[in-house]
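Read-outs: derived from the displayed coordinates by stated rules, not from any lab. Treat the numbers as computed from the prediction; the structure is a model and nothing was measured. Note that we place each Cβ from the backbone using ideal geometry, even for glycine, and neighbour counts take in every protein chain shown.
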Amino acid sequence: MAYRQRQGFSRRDPLARAVGIKKDCFPTIIDATAGLGRDAFILASLGCQVTLLERCPAIAVALQAGLIKANNNSDLQHTISRMQLQEVNSIEYLPNLSPENYPDVIYLDPMYPINSKSALVKQELRLVRELVGDDLDAEALFTIALQRVKKRVVVKRHRHAPTISALTPSHVIENPTIRFDVYMVTQH
Ligand SMILES: C[S@@+](CC[C@H](N)C(=O)[O-])C[C@H]1O[C@@H](n2cnc3c(N)ncnc32)[C@H](O)[C@@H]1O
């Protein structure tokens, strides 16, 4: 990720567009399925404050170790200072947020069942999958997220995967393999 940051992330990337990053607009974000923190790192690198929530203790420990290590690298300190990790189940954390602490964006990238091409899945993702299995409560998390956010919920999916719920996204941003379903929220 340090290498990728040196190459520079772009506000035009699908992930950045999906969360609504613009020239002078850096939304506050809760990444409610942090995993190994790759997407959160990109968002923080582009200038957003990101709260990372991860419920699997082994993943949270690995992620915390990565954040500490990265913080020793002066090129990464700015980015890491925008990332706050909590080991918690988002389904329990989000309902306790008071309205003034609702983020602009809640980002979801749950683990979901994959097809027989799973051998092609990157090694890191395979490791996460072995530890956490499939996130079968992802739709419940999505439903809570919609009620605890100021502007939008963004769900990352494989390009041909079904939507996370029966709700139709407000718009979709995709690249050849990945799709970001964006659900705009009217004020509560
Ligand atoms: C596919 S990985 C996320 C990868 C991440 N976007 C990245 O870029 O590294 C999904 C992660 O979400 C976590 N997760 C799923 N449901 C969660 C919940 N309700 N609360 C906290 N973490 C959750 C899983 O434990 C798993 O580590």
Practice prompt. State which entries of K69/K156; K23/K69; K23/K151 exceed 20 angstrom in Cα-Cα distance in the structure shown.
Written response: K69/K156; K23/K69
Worksheet item: Which three lengths, in whole Å and largest first, does region 30-79 cover when its Cα atoms are put on their principal axes?
Response: 28, 20, 12
Practice prompt. Could you pull the Cα extents of the chain along its three principal axes, largest to smallest, in whole Å?
Written response: 44, 42, 33
Worksheet item: Quick one: Cα centre-to-centre distance for region 135-188 and region 24-83, in angstrom?
Response: 20 Å
Response to the item:
Cβ-Cβ cut-off under 15 Å around V185, Lys and Arg +1, Asp and Glu -1: the net charge is +2
Item to complete: Report the local net charge at V88: Lys and Arg +1, Asp and Glu -1, summed over other residues whose C-beta lies under 13 Å from its C-beta.
Response: -3
Worksheet item: How about K22: which aspartates and glutamates have a C-alpha closer than 16 Å to its C-alpha, ignoring those fewer than 8 places off in the same chain?
Response: D13, D104
Practice prompt. Arrange K122, K156 by Cβ neighbour counts within 10 Å, fewest through most, would you?
Written response: K122, K156
Response to the item:
Exposure-ranked with fewest Cβ neighbours within 10 Å first, C48, C25, C56 stand as C25, C56, C48
Discussion item. Please list, in order along region 21-35, the HN-Hα scalar couplings obtained from phi with the Karplus expression 6.51 cos²θ - 1.76 cosθ + 1.60 (θ = phi - 60°), rounded to whole Hz, x for Gly and Pro.
Written reply: 5, 9, 3, 10, 9, 10, x, 7, 9, 9, 8, 7, 9, 5, x
Worksheet item: Using 7 Å Cα-to-Cβ label points, what is the Q86/L167 separation (nm, one decimal)?
Response: 2.0 nm
